[in-house]
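Everything on this sheet refers to the single structure shown next.
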Amino acid sequence: MDASPAIPLVAILLCTYNGARFLVTQLESIEGQAHQNWVVFASDDGSNDRTLEILQRYQASWPSGKLIIRSGPQKGFCQNFLSLACDPEIKANYYAFCDQDDVWLPKKLAVALQNIAQNQGPDEAYVYCGRTTYVDEKLRKVGSSPLFAFPRTFRNALIQSIAGGNTMVFNQKTKEYLEKAGSVNHPSHDWWVYQLVTGIGGVVFYDPEAQVLYRQHKDALVGGNNSILARVERISMVFKGQFRQWSDMNIAALCSIKPLLNHGGQETLELFKRMRGAPFRDRLRLMEVAGLYRQTWRGTISLLLAALMRKI
C-alpha cells in the first residue's frame, strides 16, 4: 500500500457488532471505491453471528494487509470507534469512519480526499462530512438527511451533532488531536469529533451532496432524524432529561481536554456551563452571550425553551 502524498493512504475505521446481515454489501462498496489506496481496520465488539467469519473471508480474499481484524473494547459503539481513532499505531494520510450496514457510493473517498486536499490549511485539523441518503433494508431510497447551511462552529457543536460518522473523513492533524484527547466518555464518536475539531479552531466541511446510503432498519443503533416521528422522539428525549445527561458527558469530556481548546472554545464552554446552572432570569442572556444555536430556526427555538426549563 502506497502512503505517498501522490496516492494518499486512507485508514478505514470499521466497527462491527452482529452485522452479518449487511456487512458483505458494505465491504463490497469499499472494494469498489474509485480511490483504491486504503486499508480497513475492523474492530469487532464481540459478535456472536457470522460477522467475524465474513471479515475473515474478505481478509483472505483481499490482498495481504488490506483488512486487519481486532477485538473491540465491548463498551459500546462510541468507545469502539474511539479505540481505533485514538490508536497511535494506526497510521495513514487520512482516516474514515465506517459503519457495518451502510453502502458507500463509488466516489465517496475520492470526493472527500479532493475536498480535504483543496481546502485544508497547513497544520490544520480538517474534517469532511455531509448528508446521507436514507434507504431501507433493500437499499430503496426513503429520504435524505437534513441539509444544514449554518456555519459549523463550536457554538453549534456544543448542542448539536450535524453529521454521522459514516460520512466523516479526516486528516492526520485531526487524528493527532483525537490521540491526545484519548477515549473520552461521550454520547457519540461523530459528535465528539465535531466538538473537538471546532473547539480547537479546526475546520468541519459539510457536503450537501450525499456519498453514503444510510440503511434504516430495526437493529440500527442510530437512525435517521428527518421524519416527523424522529423529531417527536428527539423532543421527548429533551423533556425526559436525556439531552441534559448528554450535555453532562460533553462538558466532562471537553473539560478533560480544555488546554487543547482555543481561547474562544474555552470561553464558550465556560459560558455554557454557567448558563446551565444560572437562575431563570439569566439563562437566555447567557445563551445569547455564548452564541449557541442549532442548524434550523425551529431547533434554536426548541433550544431556548429547553434552556429555560433546564433540560440541556
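A few comments on the model shown:
- Matching residues in the range 1-23 - criterion: being more than 22 Å from the chain's Cα centre (by Cα) and either open to solvent by 60 Å² or more (accessible area, probe 1.4 Å) or at pLDDT 95 or above (or both): M1, D2, P5, A6, I7, A20, R21
- Filtered residues of the range 255-275 (kept if in contact (Cβ under 8 Å) with a residue 24 or more places away in the chain, more than 22 Å from the chain's Cα centre (by Cα) and open to solvent by 20 Å² or more (accessible area, probe 1.4 Å)): G264
- Listed by first and then second residue, the pairs linking a residue in the range 1-19 that is closer than 13 Å to Q172 by Cα to a residue that is modelled with pLDDT under 95 and assigned to a loop (DSSP other than H, G, I, E, B), with Cβ atoms under 9 Å apart and 6 or more places separating them unless they lie on different chains, are P8/D2; L9/M1; L9/D2; L9/A3.
- Restricting attention to the range 182-234, the residues that are open to solvent by 70 Å² or more (accessible area, probe 1.4 Å), in contact with a helix residue (DSSP H, G or I) (Cβ under 7 Å, 6 or more places away or on another chain) and modelled with pLDDT under 95 total 1.
- The set of residues in the range 132-143 that are open to solvent by 70 Å² or more (accessible area, probe 1.4 Å) and either touching a Gly at 6+ places or on another chain (Cβ under 6 Å) or closer than 22 Å to T174 by Cα (or both) is empty.
- Number of residues in the range 143-192 that are within 12 Å of the chain's Cα centre (by Cα) and touching a residue at least 40 places away in the same chain (Cβ under 8 Å): the value is 18.
Residue-wise test of (1) open to solvent by less than 30 Å² (accessible area, probe 1.4 Å); (2) at pLDDT 95 or above; (3) not hydrophobic (A, V, I, L, M, F, W, C).
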| position | (1), (2), (3) |
| --- | --- |
| G72 | yes, yes, yes |
| K75 | no, yes, yes |
| A85 | yes, yes, no |
| D102 | yes, yes, yes |
| K107 | no, yes, yes |
| A112 | yes, yes, no |
| Q118 | no, yes, yes |
| A125 | yes, yes, no |
| G130 | yes, yes, yes |
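- Members of the range 25-56 found to be open to solvent by 50 Å² or more (accessible area, probe 1.4 Å), within 19 Å of S71 (Cα to Cα) and among the aliphatic types (A, V, I, L, M), listed by number: L52
- So L305, is it at pLDDT below 95, open to solvent by 60 Å² or more (accessible area, probe 1.4 Å) and either assigned to a helix (DSSP H, G or I) or within 28 Å of L147 (Cα to Cα) (or both): yes
- Tally, over the range 57-68, of residues that are more than 12 Å from L27 (Cβ to Cβ) and either open to solvent by less than 50 Å² (accessible area, probe 1.4 Å) or at pLDDT below 95 (or both): 1
- Listing of helices (runs of 4 or more DSSP H) fully contained in the range 126-204 that carry 3 or more residues being among the β-branched types (V, I, T) and closer than 18 Å to K258 by Cβ: 189-199
- Tabulated pairs, the range 42-53, first under 19 Å from C98 (Cα atoms) and modelled with pLDDT of 95 or more, second open to solvent by less than 30 Å² (accessible area, probe 1.4 Å) and among the acidic types (D, E), C-beta under 7 angstrom, 6+ apart or interchain: T51/D44; L52/D44
- Number of residues in the range 67-95 that are in contact with a Phe, Trp or Tyr (Cβ under 8 Å, 6 or more places away or on another chain), outside any loop (DSSP other than H, G, I, E, B) and among the hydrophobic types (A, V, I, L, M, F, W, C): the value is 8.
The values are calculated or read from the model by the stated rules, or taken from the named source; none is laboratory data. Computed from a predicted structure; not experimentally measured. All Cβ positions, glycine included, derive from the backbone under ideal geometry; neighbour counts span all protein chains shown. All accessible areas refer to the heavy atoms of the entire protein, side chains included, with ligands and DNA or RNA removed. Shrake-Rupley method; radii C 1.70, N 1.55, O 1.52, S 1.80 Å.
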